[in-house]
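The values are calculated or read from the model by the stated rules, or taken from the named source; none is laboratory data. Keep in mind the model is a prediction, meaning the values are calculated, not measured. Backbone-built Cβ (ideal geometry, glycine too); neighbour counts: all protein chains shown.
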Amino acid sequence: MESQVKLEFGELTIRFLSDGVWRNDGGCMFGVVPRELWRREHPADDQNRIRLNLTCPLIVRGAEAILVDTGIGNRLSAAERKIFDHGDGWLLEGLQALGMEPGDITHVALSHLHFDHCGGIVRRRASGGFAPAFPRARIFVQRGELEIARNSRNERLRAAYRHVHECLEPVAGALEALDGDTEIAPGVAVAVSGGHTADHQLVIAQAGGQALVHLGDIAPTRSHLRGPWNQAYDLDALRTMEVKAAYLAQAVAARWWVSFAHDERVFAAQVANDRGRLVLGARIDVPEGLDGV
Ligand SMILES: [Zn+2]
């Protein structure tokens, strides 16, 4: 089946940008699943890292442009860039290729505040310091996520959010803290999922009888369509499983599209139930050569 490059639902046009390829530990990405099972589809390098993407759906409706998540951006130190094998400039180059500029983005919805989702909300200036990456955008995040990211005393959570001050301080005036499920633009809503973090949110774009759900880190790759395949990072893996099952059932029944935050091959797909196993149907592939190889 020929891969499409965009989705058109009524007045909404949805494209998929990437903030590039990166690598992360395969064990962290698949939690309780043994390496022997995940390495077939996701071969690990000599540091046990697998190849991942940083998918950012871009939903355009007239003059409104809603970006979902922002990838890693250019804020990592040279040492961190090496650990995650991440380059720079991808998301802004992708926008440019569409004839758009950072100032054209009117809304950013952040699924949660881990560095690989919110890092690109700021840009490191050549002169030092950070500036908002999308100077006109309103930025939507759940209030609970903001509070935990800024104030947790728990050692694990503090480490998971250690970048947050650097990312949020330059955009503080643009942040809008949400209390639960909210329509942020006509046809575009966020829905709280929990699971990965306590206040992780999904983004649902719906128009003309069609829909896309960006499951964020609830189903980061195509392999995570399987119930027990969840990240070791999940704070409540059972909740992740429940939410994932509910949305995937909806996606199968109503032919919703599902997009994957970190799949290195597939940006988004429709899913079908093949004798109890979820399989991909129509899909939008990540273009070859995204990382220059
Ligand atoms: Zn992630």
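Numerical summary
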{"item": "So R40, is it among the basic types (K, R) and buried (at least 19 other Cβ atoms within 10 Å of the Cβ)", "result": "no"}
{"item": "Any hit, region 226-244, residues being within 22 Å of E11 (Cβ to Cβ) and surrounded by 15 or more Cβ atoms within 10 Å (Cβ to Cβ)", "result": "no"}
{"item": "Candidate set from region 245-276 (those that are under 15 Å from F16 (Cα atoms) and among the small types (G, A, S)); member that is surrounded by the most Cβ atoms within 10 Å (Cβ to Cβ)", "result": "A261"}
{"item": "Residue within region 207-216 that is under 29 Å from V33 (Cβ atoms), part of a helix (DSSP H, G or I) and within 16 Å of the ligand (Cβ to nearest atom) present", "result": "yes"}
{"item": "Any chance L168 is in a loop (DSSP other than H, G, I, E, B), crowded, with 19+ Cβ neighbours inside 10 Å and aliphatic (A, V, I, L, M)", "result": "no"}
{"item": "For A254: the one exception among (1) within 28 Å of R40 (Cβ to Cβ); (2) away from the ligand (no atom under 16 Å from the Cβ)", "result": "(1)"}
{"item": "Answer residue from region 217-238, given it is assigned to a helix (DSSP H, G or I) and in contact with a helix residue (DSSP H, G or I) (Cβ under 9 Å, 6 or more places away or on another chain) and is nearest to the ligand (Cβ to nearest atom) among those", "result": "D217"}
{"item": "Residues of region 179-206 that turn out to be touching a strand residue (DSSP E or B) at 6+ places or on another chain (Cβ under 6 Å), aliphatic (A, V, I, L, M) and either within 16 Å of the ligand (Cβ to nearest atom) or over 27 Å from A232 (Cβ atoms) (or both), as a count", "result": "7"}
{"item": "Qualifying residue in region 127-138 (condition: in a helix (DSSP H, G or I) and at pLDDT 95 or above)", "result": "no"}
